[in-house]
Amino acid sequence: MMWYDGGWGWGGWFFMAVFMVLFWALVIAGVVALVRYLAGSHHGHQGGPPPPSGEPGWGSRHAEDLLAERFARGEIDEDEYKRRLALLREHR
């Protein structure tokens, strides 16, 4: 019994092997890219639960924390810190 390969001969097997290697390389590269993307999306997250934005007074507390950080870094002096803190607490 004869087997007919459609005229491709050994070239068909070669191209089929090359395309199979390329296919799996693309699949693996896609999986690696997906894992890196999903793992990289957590780098900017500071950890812990997100702040409760619906809680009353949370915005002013956050502003006071930022003001305290600026004072601690030396960006503003004590007089300016006290003046701005009083202003924030006044408008709660």
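The values are calculated or read from the model by the stated rules, or taken from the named source; none is laboratory data. Model, not experiment: these values are computed from the prediction. Quick reminder, even Gly has a Cβ in these numbers, built from the backbone with ideal geometry, and neighbours come from all protein chains shown. For the accessible areas, the whole protein counts, side chains as well, though only heavy atoms, and no ligand, DNA or RNA atoms are used. Shrake-Rupley method; radii C 1.70, N 1.55, O 1.52, S 1.80 Å.
In square angstrom, rounded to the nearest 10, how much accessible surface does residue 91 have for a 1.4 Å probe?
Near enough 130 Å² of accessible area.
Just to verify a number: what accessible area does residue 24 come out at with the full protein assembly present, 1.4 Å probe, Å² rounded to tens?
130 Å²
Could you compute the net charge surrounding residue 90? Neighbours are other residues with a C-beta less than 11 Å from the C-beta of residue 90; K and R count +1, D and E count -1.
On the way: positive: 83, 84, 89, 92; negative: none.
So the surrounding residues net to +4.
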